[in-house]
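Any read-out appearing in this document is the output of simple, stated calculations on the displayed coordinates, not a laboratory observation. Note that the structure is a prediction, hence the values are computed from the model and not measured. So basically every Cβ, Gly included, is an ideal-geometry build from the backbone, and we count neighbours across all protein chains shown.
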Amino acid sequence: MEKNIGVDLGYGFVKVSDGKKDKIFPSVVGQARTLRYSTEENTDQNFIKNMDVIVDDREYFVGELANRQSDIVLFSLDENRMDEQISKILLITSLSLLSDSKSTNFNTVTGLPVGFYTETKQTITQRFKGRHSIVLRKNQKNESEQTLTVNEVKVLPQPFGSLFDLILDQNGTLIDENLAASKVGIIDIGFRTTDFIVVDNLENIDRLSSSSNTALSTAYFNIAEMLREEFKITKPIYQLDEIVRNGMIRISGKSYNLDEIKKHAFSLVAEKLITEINSLWTNKWELDMVFISGGGGMAISEFLLPAFENAVLVKEAQFANVYGFRKLAQRLYGTHSKMTTNLDLAVGSNE
């Protein structure tokens, strides 16, 4: 079986899609341990909440299970993370979630932050390509082994995924020629970085494209610091997501509202991003549209949108990049018209 998929190994969450199934889990890997007791309710939950895997003969907890149960957790915001074992484990685990058999072949499109793209493109290609093996465990017993082979890899600057999601249909066919011919800006707010790109008639305008270290993690660090100051508690940022989304934390059996803390942190990030964007895009009036995407885009858009007359938050912003990657994978590797268009010239070869 062969699948054309989109993969986003984000610093906060891993997202994958094959057009039928979408999967997301925290970008956290933990040391496995023997769990002396598990209730039936826990063991019968969705596998994605209890990912216990063996990669390279070592057992790991991945995603939510690592957050809940691991004493030693691997979580990296390093721009060289693709060189680390954590990326391999996250990749293989994500592929297993889309596999419908013991052996599956994949053609993939993925993305990198604009600032890391040139230096890391080859590394991620090498990390993805080839044959990978994984053992999936349930109730701390080996349940199944999968062989996952990545045949083709296309790497893009991350925000292009959101653009391709807007202009391509599920088969990878160009459906919005007007948008494809426009000059647009994309602000893609991730966990580790925020990427800014300007695309004119599908050409990346490099001098107007950049990455910033101001992103969702910036707000999370700020929130973690305020929790230390106000409540005298310490939470690592990779364990803050549910607390931030709910706007509430329980301490010693009492619930405390965090809406004001969250609003303050998000507004500070938005203010800094607006300053950086205004410095980079000095002639914003030239842009036909500005699109805001990414999981951070969902969180911060209400503070960012008023700064732009023609800005919108894309639909399903957290998945927009991976949806676009998947659509492009279908165009590159699936059964579509082979007639060359400006889009194909802009994307380049399958390499």
> Where a ≥ b ≥ c are the square roots of the eigenvalues of the C-alpha gyration tensor, would you call segment 206-269 rounded, which needs a/c under 1.5, or, failing that, prolate if a/b is larger than b/c, or oblate?
Replying inline: prolate
>> Which of rounded, prolate or oblate describes segment 71-134 when judged by the alpha-carbon gyration tensor and an a/c cut-off of 1.5?
In response: oblate
>> Output needed for the chain: three equivalent-ellipsoid semi-axes, defined as square roots of 5 times the C-alpha gyration tensor eigenvalues, in descending order, whole Å.
In response: 32, 29, 15
>> At 7 Å along Cα-to-Cβ for each site, give me the label-to-label distance between Asn46 and Val312 in nm.
In response: 2.8
> Which of Lys15/Lys121; Lys129/Lys154; Lys21/Lys49; Lys272/Lys327; Lys15/Lys183; Lys3/Lys23 have a Cα-Cα distance over 22 Å?
Replying inline: Lys272/Lys327; Lys15/Lys183
> What is the spin-label model distance, in nm, from Asp200 to Arg250 if the labels are put 7 Å beyond Cα along the C-beta direction?
Replying inline: 5.5
> Spin-label point model (7 Å from Cα, Cβ direction): what's the Glu260 to Glu229 distance in nm?
Replying inline: 1.3
